[in-house]
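Peer 1: Below is a structure I'd like to ask you about.
The values are calculated or read from the model by the stated rules, or taken from the named source; none is laboratory data. In this text the structure is predicted, and so the values were computed from the model without any measurement. As a convention, Cβ positions derive from the backbone with ideal geometry for all residues, glycine included, and neighbour counts pool all protein chains shown. Protein only, heavy atoms only, side chains kept; ligands, DNA and RNA dropped before computing areas. Shrake-Rupley method; radii C 1.70, N 1.55, O 1.52, S 1.80 Å.
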Amino acid sequence: MSSLLQLTPIGPLADALLAEMGAVRLWQEDAGWLARHGADVELLATSVRRGCDAAMLSALPMLRAISSWGAGYDTLDVAGARARGIAVANTPDVLDDCVADLAWGLLIAASRRIPAANRYVQAGEWRQLGQFPITTKVSGRRLGILGLGRIGSAVARRGEGFSMDIRYTGRSPRDVGYVFEPSLLALAEWADFLVVACGGDAETFHLVDAAVLCALGKSGILINVGRGSVVDQSALVEALEAGELGGAGLDVLEGEPGAPEALARRDNVVITPHVGSATVQTRQAMEQLTVDNLKAFLQDGRLLTPVKS
Ligand code: 8YV
């Protein structure tokens, strides 16, 4: 059996299965373990939270494969691994539905102000003040998607059920029935709702900037289930404070964990603490896939879901 190192706790299922495979748990070893045994490690289990950077790669000179829990791989040195012929897997597909469900939850919550309406009832204001202010319609309106990958496509499919007019932007047009809009700015100008569903890297950093937010406009709503780094958060705060943007629903933030007061206290902003994939069913599937990738690699040298980029 190849020597398997686990960098971080992943979840009860994965942790138990990796233990059965004989994984060494780095967080339970002493500080010198890596220097003493790094050269024996051939397989690595990690997560998008813990990542695997260039320093870790150099501590593991015989590494052949990395299996990482999570669809994102922004915390993994994928280029460095590839340069050494190390195979890298993530856990895509199995979380698409849950992340898309949450994107729609945020979209409806921000548009119909569900959290603020709930607070209104909890504070007894319904009885004292009467009707809650009217809000903005969702169904039949314009949905723009930044990044029509697996999650973006799942968001779009749900949009069809809400009779939305759907357009998207990204690196290139896809063979789908939605209109491709090459310019994000033009997409934002057109859209009532802009859903960010792309990953976070140098190419997507601050793609949603002040100009895009302003184009989305006073009644526009921004949803982000991709990565916090895609949205210029200071520009978002400024746009909301100036009344230039209608609202936002965010599952990911710059500098997370935690949200700045300027966003957290606003009635037209709904924030969830990065829980897109956080359901029992999806997290189990992600954990299982993390382990299955390693088993497949051990069996025939191929990962089930290699990172595609
Ligand atoms: C996790 C994610 O919820 O898979 C990813 O890339 O962002 C999510 O599934 C997240 O990593 C929680 O910290």
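Peer 1: Scan segment 50-76 for residues that are within 10 Å of the ligand (Cβ to nearest atom) and either free of Cβ contacts under 8 Å to residues at least 40 places away in the same chain or open to solvent by less than 60 Å² (accessible area, probe 1.4 Å) (or both) and report the count.
Peer 2: 6
Peer 1: Can you name every residue in segment 128-155 that is open to solvent by 30 Å² or more (accessible area, probe 1.4 Å), hydroxyl-bearing (Ser, Thr, Tyr) and either in contact (Cβ under 8 Å) with a residue 60 or more places away in the chain or closer than 27 Å to THR91 by Cα (or both)?
Peer 2: THR136
Peer 1: Which of the following residues is more than 16 Å from GLU287 (Cα to Cα), in the same structural domain as SER153 (by TED's automatic domain parsing) and either open to solvent by 60 Å² or more (accessible area, probe 1.4 Å) or within 16 Å of the ligand (Cβ to nearest atom) (or both): GLY85, GLY105?
Peer 2: GLY105
Peer 1: From the list GLY228, GLY199, GLY177, which one is more than 28 Å from ASP267 (Cβ to Cβ) and within 20 Å of the chain's Cα centre (by Cα)?
Peer 2: GLY199 is the lone residue from the list that is more than 28 Å from ASP267 (Cβ to Cβ) and within 20 Å of the chain's Cα centre (by Cα).
Peer 1: Go through segment 244-259 residue by residue and tally those that are part of a loop (DSSP other than H, G, I, E, B), away from the ligand (no atom under 16 Å from the Cβ) and open to solvent by less than 10 Å² (accessible area, probe 1.4 Å).
Peer 2: Residues meeting the conditions: 1.
Peer 1: Considering ALA262, ALA296, ALA285, which residue is part of a helix (DSSP H, G or I), open to solvent by less than 30 Å² (accessible area, probe 1.4 Å) and more than 26 Å from SER219 (Cα to Cα)?
Peer 2: Criteria check complete, one pass: ALA296.
Peer 1: Restricted to segment 7-49, and to residues that are farther than 18 Å from GLN284 by Cα and touching a Ser or Thr at 6+ places or on another chain (Cβ under 6 Å), which residue is nearest to the ligand (Cβ to nearest atom)?
Peer 2: LEU7
Peer 1: Then there is this: Just wondering, is there one or more residues in segment 117-127 that are open to solvent by 20 Å² or more (accessible area, probe 1.4 Å), in a loop (DSSP other than H, G, I, E, B), outside the structural domain of THR290 (by TED's automatic domain parsing) and in contact (Cβ under 8 Å) with a residue 60 or more places away in the chain?
Peer 2: no
Peer 1: Restricting to segment 265-282, name every residue that is open to solvent by less than 20 Å² (accessible area, probe 1.4 Å) and either closer than 25 Å to MET21 by Cβ or within 11 Å of the ligand (Cβ to nearest atom) (or both).
Peer 2: GLY276, SER277, THR282
Peer 1: A follow-up question, please. Under 6 Å between Cβ atoms, at least 6 apart or on separate chains: pull out the pairs that start in segment 267-279 with a residue that is in contact (Cβ under 8 Å) with a residue 60 or more places away in the chain and end on any residue that is more than 10 Å from the ligand (Cβ to nearest atom) and among the aliphatic types (A, V, I, L, M).
Peer 2: Matching pairs, first to second residue: ASP267/ALA116; VAL269/ALA248; VAL269/LEU263; VAL270/LEU106; VAL270/ALA109; VAL270/ALA110.
Peer 1: Give the residue, chosen from ALA235, ALA285, that is among the aliphatic types (A, V, I, L, M) and not assigned by TED's automatic domain parsing to the domain that holds LEU184.
Peer 2: When all the criteria are applied, what remains is ALA285.
Peer 1: Right, next: On the given criteria, is ALA79 assigned to a helix (DSSP H, G or I), in contact with an Asp or Glu (Cβ under 7 Å, 6 or more places away or on another chain) and among the hydrophobic types (A, V, I, L, M, F, W, C)?
Peer 2: Answer is no for this residue.
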